[in-house]
Amino acid sequence: MSTTSLTITRPDDWHVHLRDGDVLADTTRDISRYMGRAIIMPNLVPPVTDTQGALDYRARIMANNKAAHFEPLMVLYLTDNTTADEIRKAKASGVVYAAKLYPAGATTNSDSGVTSVDNIAPAIAAMEEVGMLLLVHGEVTHHDIDIFDREAVFIERVMKPLVARFPNLKIVMEHITTKHAVEFVSQAPSNVGATITAHHLLYNRNHMLVGGIKPHFYCLPILKRNTHQQALLEAATSGNKKFFLGTDSAPHAKGAKESACGCAGSYTAHAAIELYAEAFEMMNALGNLEAFASFNGPDFYGLPRNSDTITLEKCEWAVPELMSFGSDKVVPIKAGEMMTWQVK
Ligand SMILES: NC(=O)N[C@@H](CC(=O)O)C(=O)O
Ligand SMILES: [Zn+2]
Ligand SMILES: [Zn+2]
């Protein structure tokens, strides 16, 4: 008999973009439906670069939050000018859990990002000292490096020296997309972990490019070939404590995606755990979903696991074609398609 119902400890999302302004009501509603906590990415325009900015952004999210179980965990956006002092201030606030390294120009709203780790070495040393996590968008940006190789090259050029230089710093390689990253993280010391998105588990670059270009699958790091997808599936479903749930749900308005120069980012918060459940079921590994979604993340961050549960039920339902996104619309992943699990 196949499983028809699955109860797990309430999950958390360790990487999500809620954006700001008139879309915050929609993005907060979707992420708080059953997620307990969420690491809130700081790449707003302008980015959240200081403690006061993080406190203000948190207040705007909480003003839209109607779920008692939901808590936003804030993140500072590192720039070449981030000081050790600002890191200490952020830590002392009690609501900032991490700082994010966006290599300048690597992804959506990363123009103010870091141009060289050397520039922020004092800030990173302060993070190591006070116990603040470093979250990394792991892609090099040099124009000579092919977009499909940017993560693998980043591991050699940036991650390995970073891990060696700051041996007590907790580092999360965000939204990993290659077997190189799976191998690197697996072999790294226990202070190095990684988030994996649902879309990188369910899709590869053929889904994006065969039979016409599908802009809603365009995200960064870009979907890779199926052998990398397979490595990610094996890592996520293995039970290995280094890998945990981070949706990287990154909404852009329909018109900004369906464009001659479309934005990077896929919306998955409408069905986050349901999408992961499909991937885990495909691997015959539903029994390891709870570790990936609800245990490994808080354990890595040094936070308590959630104490309540959610229940997924086997049930056919259709993903809406469009969802409201402030005064605009967003096209969710699997728009118009059937899903097989649902949190009731
Ligand atoms: N993943 C994406 O393709 N886009 C993210 C930025 C990011 O996480 O790199 C976004 O903010 O839109
Ligand atoms: Zn990123
Ligand atoms: Zn992201």
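The values are calculated or read from the model by the stated rules, or taken from the named source; none is laboratory data. If you're wondering where the values come from, they're calculated on a predicted model, not measured in any experiment. No Cβ is skipped: glycine too gets one built from the backbone with ideal geometry, and neighbour counts run over all protein chains shown. Ligands, DNA and RNA are excluded from the accessible area calculation, which covers all protein heavy atoms including side chains. Shrake-Rupley method; radii C 1.70, N 1.55, O 1.52, S 1.80 Å.
Would you say N288 is touching a helix residue (DSSP H, G or I) at 6+ places or on another chain (Cβ under 6 Å), modelled with pLDDT of 95 or more and open to solvent by 30 Å² or more (accessible area, probe 1.4 Å)?
Working: touching a helix residue (DSSP H, G or I) at 6+ places or on another chain (Cβ under 6 Å): yes; modelled with pLDDT of 95 or more: yes; open to solvent by 30 Å² or more (accessible area, probe 1.4 Å): yes.
So N288 fits the description; yes.
When you scan the stretch 77-92, do you find a residue that is closer than 26 Å to E274 by Cα and open to solvent by less than 10 Å² (accessible area, probe 1.4 Å), even just one?
To start, the set of residues in the stretch 77-92 that are closer than 26 Å to E274 by Cα comprises none.
Looking for residues that are closer than 26 Å to E274 by Cα and open to solvent by less than 10 Å² (accessible area, probe 1.4 Å), one finds none in the stretch 77-92, hence no.
Every residue in the stretch 117-132 that is open to solvent by 40 Å² or more (accessible area, probe 1.4 Å) and either within 20 Å of E151 (Cβ to Cβ) or outside any helix (DSSP H, G or I) (or both), please.
G131 - this is the single residue of the stretch 117-132 that is open to solvent by 40 Å² or more (accessible area, probe 1.4 Å) and either within 20 Å of E151 (Cβ to Cβ) or outside any helix (DSSP H, G or I) (or both).
Determine, yes or no, whether H175 is touching a His at 6+ places or on another chain (Cβ under 8 Å) and on the phi > 0 side of the Ramachandran plot. Break it down into steps so the answer makes sense when it comes.
Working: touching a His at 6+ places or on another chain (Cβ under 8 Å): yes; on the phi > 0 side of the Ramachandran plot: yes.
Here the answer is yes, as H175 does meet what is asked.
When the residues of the stretch 25-43 are narrowed to those that are out of contact with any His (no Cβ under 9 Å at 6 or more places or on another chain) and of a type in the set (A, V, I, L, M), which ends up surrounded by the fewest Cβ atoms within 10 Å (Cβ to Cβ)?
A25
Per-residue answers, yes or no, for (1) in contact (Cβ under 8 Å) with a residue 24 or more places away in the chain; (2) in contact with a Gly (Cβ under 6 Å, 6 or more places away or on another chain); (3) among the basic types (K, R); (4) not in a loop (DSSP other than H, G, I, E, B):
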{"residue": "R33", "(1), (2), (3), (4)": "yes, no, yes, no"}
{"residue": "N43", "(1), (2), (3), (4)": "yes, no, no, no"}
{"residue": "T49", "(1), (2), (3), (4)": "yes, no, no, no"}
{"residue": "D80", "(1), (2), (3), (4)": "yes, no, no, no"}
{"residue": "A90", "(1), (2), (3), (4)": "yes, no, no, yes"}
{"residue": "A99", "(1), (2), (3), (4)": "yes, no, no, yes"}
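Here is a check on your reading of the model: is D56 among the charged types (D, E, K, R), open to solvent by 20 Å² or more (accessible area, probe 1.4 Å) and not in a helix (DSSP H, G or I)? Full working, then the answer.
Numbers: among the charged types (D, E, K, R): yes; open to solvent by 20 Å² or more (accessible area, probe 1.4 Å): yes; not in a helix (DSSP H, G or I): no.
In short, no.
Search the stretch 133-165 for residues being without any contact (Cβ under 8 Å) to a residue 12 or more places away in the chain and more than 23 Å from S186 (Cα to Cα), and hand back the single one that is most open to solvent (accessible area, probe 1.4 Å).
Across the stretch 133-165, the extreme among qualifying residues is H143.
Can you find a residue that is of a type in the set (S, T, N, Q), within 16 Å of ligand 1 (Cβ to nearest atom) and open to solvent by less than 20 Å² (accessible area, probe 1.4 Å) anywhere in the stretch 220-240? I'd like the intermediate steps shown before the answer.
Here is the first cut: in the stretch 220-240, the residues of a type in the set (S, T, N, Q) are 226-227, 229-230, 237-238, 240.
Next, from what is left, pick out any that are within 16 Å of ligand 1 (Cβ to nearest atom): none.
No, because not a single residue in the stretch 220-240 is of a type in the set (S, T, N, Q), within 16 Å of ligand 1 (Cβ to nearest atom) and open to solvent by less than 20 Å² (accessible area, probe 1.4 Å).
Which members of the stretch 101-116 meet the condition of being in a loop (DSSP other than H, G, I, E, B), in contact (Cβ under 8 Å) with a residue 24 or more places away in the chain, within 13 Å of T141 (Cα to Cα) and not hydroxyl-bearing (S, T, Y)?
A104, G105, A106, G113
All but one of (1) more than 16 Å from the chain's Cα centre (by Cα); (2) surrounded by fewer than 21 Cβ atoms within 10 Å (Cβ to Cβ) hold for A264; which doesn't?
In the conditions (1) more than 16 Å from the chain's Cα centre (by Cα); (2) surrounded by fewer than 21 Cβ atoms within 10 Å (Cβ to Cβ), A264 misses (1) alone.
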